[in-house]
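Taking it in order: structure first as C-alpha cells, then the write-up.
The values are calculated or read from the model by the stated rules, or taken from the named source; none is laboratory data. What you see is a predicted model, and the numbers here were worked out from it, not measured in a lab. Here the Cβ positions follow ideal geometry from the backbone for every residue, glycine too, while neighbour counts run over all protein chains shown. With ligands, DNA and RNA removed, areas are computed over all heavy atoms of the protein, side chains included. Shrake-Rupley method; radii C 1.70, N 1.55, O 1.52, S 1.80 Å.
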Amino acid sequence: QVQLVESGGGLVQPGGSLRLSCAASGITFSIYTMNWYRQAPGKQRELVAAITSGGTTNYADSVKDRFAISRDNAKNTVYLQMNSLKPEDTAVYYCNAKYNWGSNYWGQGTQVIVSS
C-alpha cells in the first residue's frame, strides 16, 4: 500500500518559518518526482514546489526565494522549508508523488496558518 504522510504544519506569525515533511512508503521513492501543492479555501489547488529524482527543483513565482524543497532518499522523505511566511501562504499543503507514465499519489494534507 502506498502512503504519503505530511507533518509539520501549524500556526506561525508573519515572517516566521515552518518545515513541512512528507514520509512516503510503498513506492520506490528515489525514482519519483515529489511535489508540494497547496489549496486555500475557495481557491484552486496550485503547485508550490517540485523536485525530480535527479534533484532539479522548480517553484511557483509566489514562493521563489522564500521556500526550499529538498529530499532525503535514505529516509523516503521530502521537505518544504518555508521562510518569511506571509498570510497569503495560509493553505492546506499536500504532498504528491508522481512518476512519468506511472502512478500519482497524494497525502492527506497539513494545515498551515500564517497569522498574528
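Laid out as a table, the results:
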| read-out | value |
| --- | --- |
| Carbon and sulfur %, accessible surface of the chain computed with the full protein complex present, 1.4 Å | 46 |
| Normalised contact order of the chain, rounded percent, pairs of Cα under 8 Å and 6 or more residues apart | 36 |
| More than 17 Å apart - percent of Cα-Cα pairs taken over the chain | 50 |
| Order of exposure, largest accessible area first, which applies to Thr90, Thr77, Thr57, Thr28 with probe 1.4 Å | Thr28, Thr57, Thr90, Thr77 |
| Under 5 Å, built H, 5+ apart or other chain: amide partners of Gly109 | Glu6, Cys95 |
| Exposed trypsin sites (Lys or Arg not before Pro) absent: longest stretch of the chain, with sites in DSSP loops and at most 16 other Cβ within 10 Å deemed exposed | 67-116 |
| Average accessible surface area per residue within the chain, 1.4 Å rolling probe, Å² | 54 |
| Candidates per chymotrypsin sites (Phe, Trp or Tyr not before Pro) in the stretch 29-116, loop by DSSP, up to 10 other Cβ within 10 Å | Trp101 |
| In order through the stretch 5-11: 3J(HN,Hα) via Karplus (6.51 cos²θ - 1.76 cosθ + 1.60), integer Hz, x for Gly, Pro | 10, 8, 8, x, x, x, 9 |
| Calculated Rg and Dmax of the stretch 1-50 using C-alpha coordinates, Å | 13.3, 38 |
